Amino acid sequence: MKLTPLDLERYNRQMLMPGWGEEGQIKLKSASVVVAGIGGLGCPASIYLAAAGFGKLILIDSEQYELSNLNRQILGWQSDLGRLKTESAKEKLTAFNPDISVEARTCEVSEDKAPGLLRGASVVIDGMDNWKTRFIINEACVKMKIPFVHAGIYGLSGQAATILPGKGPCLRCIIPTIPPEKKPFPVVGATPAFFAMIQVMEAIKLVLELGEPLVGKILLFNGENMDFHLINVSRNPKCPVCGELSSRLESRATSVGEGNLSTKGVHNIAGTREVRGE
């Protein structure tokens with residue numbers, strides 16, 4: 001695969017980054033990213049994945065735009081109310097960057113569908129708004145050895161972590177039990193947008209093998225007082241999802257005990273009430 005003259009002009013500024021260049025841009029052009037959930041996380045993530053020049057975006061969602069979505073789901077406009085999120089997002093992303101491929105898959109993610117939906121992905125972006133589906137995606141990514149970039153938010157707070165199967169803990173290691181689901185939950189649009197940018201950075205770093213991704217770490221953020229915490233987490237050898245993988249993460253200090261972030265910790269990150277996801 002080669003870069004076109006338009007590619008060289010469009011991506012010129014990012015290719016100036018050390019370790020990027022034309023070779024790195026070709027890697028992005030060759031990569032396929034699944035965005036699972038086209039909501040508050042998935043919309044801004046998709047825009048910046050397209051801006052970076054990832055060659056193929058696969059958008060997964062089953063819902064239609066409602067007025068209450070528009071404070072954060074920025075690929076849905078007033079004129080899109082009632083339209084499928086995947087189709088509206090595909091239309092805008094294709095207009096934004098016509099040189100990439102955007103595929104809309106209008107469906108729910110289930111245990112039986114997940115392998116087929118994720119097959120061939122270079123990276124999967126977590127844009128889900130519920131933990132049950134997150135854990136389904138986490139398990140499918142672990143089994144298929146696909147990097148999974150998680151983020152979840154609640155109000156002005158949230159968390160992010162990168163799951164690299166065989167190299168670090170999976171989401172089930174970090175959060176052993178499914179937290180209680182609550183709907184509706186508060187969402188300030190800037191919060192998922194902030195975490196979506198982290199997810200895009202992580203996807204770029206994974207594909208380019210650039211820098212140090214959030215593997216074996218979870219980033220916690222409380223926007224009410226602008227607190228950032230980076231917590232080391234380690235693999236749980238008894239994890240029902242990834243415990244049988246042969247590769248082991250080196251033991252490291254962790255402030256959450258035996259490599260697990262407790263459910264209580266998820267609901268009380270940096271003094272917040274709850275971190276859920278969107």
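The values are calculated or read from the model by the stated rules, or taken from the named source; none is laboratory data. Note that the structure is predicted; figures quoted are calculated from it, not measured. All Cβ positions, glycine included, derive from the backbone under ideal geometry; neighbour counts span all protein chains shown.
Please go through region 116-157 and give me each residue that is farther than 14 Å from L245 by Cα, of a type in the set (A, V, I, L, M) and not in a strand (DSSP E or B), ordered by number.
L117, L118, A121, M128, I136, I137, L156
What is the one condition in (1) surrounded by 24 or more Cβ atoms within 10 Å (Cβ to Cβ); (2) touching a Ser or Thr at 6+ places or on another chain (Cβ under 8 Å) that R105 does not satisfy?
Result: R105 fails condition (1) only.
Within region 158-176, which residues are more than 11 Å from V215 (Cα to Cα) and assigned to a loop (DSSP other than H, G, I, E, B)?
If the condition is that a residue be more than 11 Å from V215 (Cα to Cα) and assigned to a loop (DSSP other than H, G, I, E, B), then I175, P176 are the ones that fit.
Output the helices (runs of 4 or more DSSP H) that fall wholly within region 2-99 and possess 3 or more residues being free of Cβ contacts under 8 Å to residues at least 24 places away in the same chain, or say none. Outline the logic, then answer.
Numbers: elements: 5-10, 12-15, 21-29, 42-52, 85-96.
Qualifying helices (runs of 4 or more DSSP H): 5-10, 12-15, 21-29, 85-96.
For F54, are the conditions met, namely being closer than 19 Å to F148 by Cβ and among the aromatic types (F, W, Y)?
Values: closer than 19 Å to F148 by Cβ: yes; among the aromatic types (F, W, Y): yes.
Yes, satisfied.
Could you figure out which of (1) assigned to a loop (DSSP other than H, G, I, E, B); (2) at pLDDT below 70 isn't true of N236?
Tallying (1) assigned to a loop (DSSP other than H, G, I, E, B); (2) at pLDDT below 70, N236 fails exactly one: (2).
State all residues of region 212-224 that are farther than 17 Å from A193 by Cβ, in contact (Cβ under 8 Å) with a residue 24 or more places away in the chain and either assigned to a loop (DSSP other than H, G, I, E, B) or out of contact with any helix residue (DSSP H, G or I) (no Cβ under 7 Å at 6 or more places or on another chain) (or both); if no residue qualifies, say none.
Looking only at region 212-224, we keep the residues that are farther than 17 Å from A193 by Cβ, and these are 212-218, 220.
From what is left, the residues that are in contact (Cβ under 8 Å) with a residue 24 or more places away in the chain are 213-218, 220.
Result: P213, L214, V215, G216, K217.
All but one of (1) surrounded by fewer than 21 Cβ atoms within 10 Å (Cβ to Cβ); (2) hydroxyl-bearing (S, T, Y); (3) under 27 Å from K132 (Cβ atoms) hold for S79; which doesn't?
Tallying (1) surrounded by fewer than 21 Cβ atoms within 10 Å (Cβ to Cβ); (2) hydroxyl-bearing (S, T, Y); (3) under 27 Å from K132 (Cβ atoms), S79 fails exactly one: (3).
Which one is surrounded by the most Cβ atoms within 10 Å (Cβ to Cβ) among residues in region 201-242 that are of a type in the set (A, V, I, L, M) and in contact with a Cys (Cβ under 9 Å, 6 or more places away or on another chain)? Don't jump to the end; show me each part of the working.
Of region 201-242, the ones of a type in the set (A, V, I, L, M) are 201, 203-204, 206-208, 210, 214-215, 218-220, 226, 230-231, 233, 241.
Subsequent filtering for residues that are in contact with a Cys (Cβ under 9 Å, 6 or more places away or on another chain) retains 233, 241.
Details: V233: 26, V241: 21.
The qualifying residue surrounded by the most Cβ atoms within 10 Å (Cβ to Cβ) is V233.
Being in contact with a Ser or Thr (Cβ under 8 Å, 6 or more places away or on another chain), basic (K, R) and surrounded by 16 or more Cβ atoms within 10 Å (Cβ to Cβ), is that true of even one residue in region 163-173?
yes
Of all residues in region 155-166, which are more than 14 Å from the chain's Cα centre (by Cα) and at pLDDT 95 or above? Walk me through it before giving the result.
If we filter region 155-166 for residues that are more than 14 Å from the chain's Cα centre (by Cα), which is where we start, we get 155-157, 165-166.
Correct list: G155, L156, S157, P165.
How many of the residues making up region 134-162 are in contact with a Ser or Thr (Cβ under 6 Å, 6 or more places away or on another chain) and either among the basic types (K, R) or surrounded by fewer than 23 Cβ atoms within 10 Å (Cβ to Cβ) (or both)?
Total satisfying the criteria: 1.
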